[in-house]
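To start, the structure under review is shown below, and the notes come after it.
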Amino acid sequence: EEMLLRLRARLEAGDRALDMVQAAVIEMEDSGLFNAGRGARANQAGNIELDAAIMDGATLNAGGVAAVSLVKNPIAAARVIMERSPHVLMVGPGAEALLESRGMVLTEPAYFLNSAFNIEDVPMPADLEVVQPADDVPSDLTKFLGMWSGLWAGAVHQVVVVETIDENGGQLVFAQGSKESWGITEGSWERVQFRVADGEIRFKRLKEDGSVRAKVRFRLNEDGALSTSYEFSGGTVEGTLQRRPAAMDGGDDDKGGTVGAVALDRCGNLAAAVSTGGFGTKMPGRVGDSPIVGAGLYAKNGVAAVAATGHGEYFLRLVVAHKIIVLMEAAGLSLEDAASRVIGEELPDLGGKGGIIAVDAQGRVFMPFNTDGMVRGAVGHDVPMRVEVYAPN
């Protein structure tokens, strides 16, 4: 609700619809709560492949990226493709190379919460078990529990699993992958006891002769990441680890999905944007409807802006977003009638599930779906706040 109110205020102040849909999607990509951006699902190979697209209803200009793996905000990348390249859709390493040439800084696989890529060569014990703490353990300590991983000093894959914790200390598994240039020829793990002091986890890594190899500290940052400090004879190395799903399997695909936004600004301009990580069991290289103009999104001034989510293969076959626009423009149907026909009849007849969010040129909002639920929200100058998850009935 807070995001919707902030963006409404910006629209009322004169900001463009195109900028607002991008801003909305970036917030959702950064949150880690959805299958887009930071929270994207990993594919069958354990890698992140991201898709996104944006469309300007005033000009019909559009841009998209597909199967990119090192882009923090795919929707921003789609905007770059639209405005700073002669193309509409770029994919994979070619897209990333173009984005770098346009000044976009790429990220690391460790940034993405559900990526298994960054721990693929890290061995782990078979008996890992995160134990729920006693009721009297302070909540600021229980937040340490679980799995964390990332690139240590930007070089070595690290995994930490905090198994038990109380107000004095606990037990964790510390593991790392191989890095030949660091003299680490194979991955290893060790289970260590730690103490808690000043809100930090502290422990020592020992050499075979019992002397101290390094002093290690973990502290939770305000953004939820684990700040790390590794002090040894050669100096101090610092890094950041991100919280991971304990199973490292891409998470539950029923929680958080594709994100999208549509907007109508005070000048009558419409825009749409969509971003996704696909689905967690997808084959490497699979691309769905989200980055495809006409299937996953469409915007045309004077008609409507549409953004879709669901089983992409069916949205591609029906060219869902553009079909709704055509039914409105050529057949004279209202947004509600056109969307109801496509989402409520044609899509399920083909076997597809999903929904859309849409706004027409008069500011009327319609957000139908044929699944059990869809997280959605809307607000406007004359549109009261709506934030819903499941169907009203």
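The values are calculated or read from the model by the stated rules, or taken from the named source; none is laboratory data. Note that this is a predicted model, so its numbers are computed, not measured. Please note: Cβ atoms are built from the backbone with ideal geometry, for glycine as well, and neighbour counts cover all protein chains shown. Side chains included, ligands, DNA and RNA excluded: accessible areas come from the protein's heavy atoms. Shrake-Rupley method; radii C 1.70, N 1.55, O 1.52, S 1.80 Å.
Mind checking which aspartates and glutamates have their Cα closer than 12 Å to the Cα of Lys204? Skip sequence neighbours fewer than 8 apart in that chain.
Of all the aspartates and glutamates, those that pass the test against Lys204 - Cα under 12 Å, at least 8 places apart if same chain - are Glu190, Glu231.
Under a Cβ-Cβ cut-off of 15 Å, what is the net charge of the residues other than Arg205 that fall near it, where Lys and Arg count +1 and Asp and Glu count -1? Could you put the intermediate results ahead of the total?
Details: positive: Arg191, Arg195, Arg202, Lys204, Lys207, Arg213, Lys215, Arg217; negative: Glu190, Glu208, Asp209, Glu231.
Counting the neighbours of Arg205, the net charge comes to +4.
Please give me the summed charge of the neighbours of Leu220: other residues whose Cβ is under 11 Å from its Cβ, Lys and Arg +1, Asp and Glu -1. Provide the component values of the computation, followed by the final result.
Details: positive: Lys143, Arg219, Arg243; negative: Asp140, Glu200, Glu222, Asp223.
Value of the local net charge: -1.
Dipole size in debye (nearest 20) for region 284-393 around its Cα centre, Lys and Arg Cβ +1, Asp and Glu Cβ -1?
Details: 9 positive and 12 negative charges, 50 e Å.
Charge dipole, region 284-393, about its Cα centre: 240 debye, nearest 20.
For helix 17-31, what angle does its Cα long axis make with the longest principal axis of the chain, in degrees from 0 to 90 and rounded to 10?
30
Taking only C-alpha pairs under 8 Å that are 6+ residues apart, what is the relative contact order of the chain in percent?
Result for the chain is 18 percent.
Starting from the Kirkwood radius over alpha-carbon pairs of the chain, derive D by Stokes-Einstein at 37 °C in a medium of 0.692 mPa s and give it in µm² s⁻¹. All intermediate terms of the calculation are to be shown ahead of the outcome.
Values: Rh = 22.5 Å.
For these conditions, the coefficient is 146 µm²/s.
Under a 1.4 Å probe, what is the accessible area of the chain per residue, stated in Å²?
Numbers: 18160 Å² over 393 residues.
Ligands and nucleic acids excluded, the figure is 46 Å² per residue.
Just to confirm a number: summing +1 for Lys and Arg and -1 for Asp and Glu over residues other than Ala66 whose beta-carbon lies under 11 angstrom from that of Ala66, what do you get?
Numbers: positive: Arg286; negative: Glu49, Asp51, Asp289.
So the environment of Ala66 carries a net charge of -2.
Give me the log10 of I(q) over I(0) for region 1-79 at q = 0.15, 0.17 Å⁻¹, as the Debye formula computes it from C-alpha points; what are the numbers?
Per q value, in the given order, log10 I(q)/I(0) is -0.57, -0.70.
Step through the residues of region 331-337 one at a time and calculate ³J(HN,Hα) from phi using the Karplus curve (6.51 cos²θ - 1.76 cosθ + 1.60, θ = phi - 60°), rounding each to whole Hz and writing x for Gly and Pro.
9, x, 6, 6, 4, 4, 5
On the principal axes of its Cα set, how long, how wide and how thick is region 280-328? Give whole Å, largest value first.
38, 15, 13
Identify, among Leu7, Ala134, Ser31, the residue whose Cα sits farthest towards the positive end of the charge dipole of region 1-139, taking +1 on the Cβ of Lys and Arg and -1 on the Cβ of Asp and Glu, with the dipole about the Cα centre.
Leu7
Report the convex hull volume per residue for region 14-129, counting only C-alpha atoms, in Å³. Before the final figure, lay out the partial values.
Values: hull volume 13.2 nm³, N = 116.
Taking the convex hull of the Cα positions in region 14-129, it is 114 Å³ per residue.
Order of 326-334, 17-25 by packing, highest average Cβ count within 10 Å first?
Working: 326-334: 14.8, 17-25: 23.8.
Highest to lowest by the protection proxy: 17-25, 326-334.
At a 1.4 Å probe radius, carbon and sulfur cover how many percent of the accessible area of the chain?
Working: 8800 of 18160 Å².
Carbon and sulfur atoms account for 48 percent of the accessible area of the chain.
Please determine, in degrees from 0 to 90 and to the nearest 10, the orientation of helix 92-101 with respect to the longest principal axis defined by the Cα atoms of the chain, where the helix direction is its Cα long axis.
On a 0 to 90 degree scale, this one is about 90.
So what J values fall out for region 127-143 if you push phi through Karplus, 6.51 cos²θ - 1.76 cosθ + 1.60 with θ = phi - 60°, rounded to Hz, Gly and Pro as x?
Those phi angles translate into 9, 4, 7, 8, 9, 5, x, 5, 4, 8, 7, x, 5, 5, 8, 5, 5 Hz.
Ranked highest first by the average count of other Cβ atoms within 10 Å around their residues, in what order do 7-14, 158-165 fall?
Details: 7-14: 14.1, 158-165: 22.0.
Top to bottom by mean Cβ count within 10 Å: 158-165, 7-14.
Tell me, how many Å apart are the Cα centres for region 352-367 and for region 46-64?
Each part reduced to its Cα centre gives a spacing of 18 Å.
Calculate one ³J(HN,Hα) per residue across region 316-321 by plugging θ = phi - 60° into the Karplus curve 6.51 cos²θ - 1.76 cosθ + 1.60, and present them in order as whole Hz with x for glycine and proline.
5, 5, 8, 6, 4, 4
Could you calculate, for region 225-380, the ratio of the Cα radius of gyration to the Kirkwood radius, expressed as Rg to Rh? Don't jump to the answer; show the numbers that get you there.
Numbers: Rg = 20.0 Å, Rh = 17.3 Å.
Rg/Rh: 1.16.
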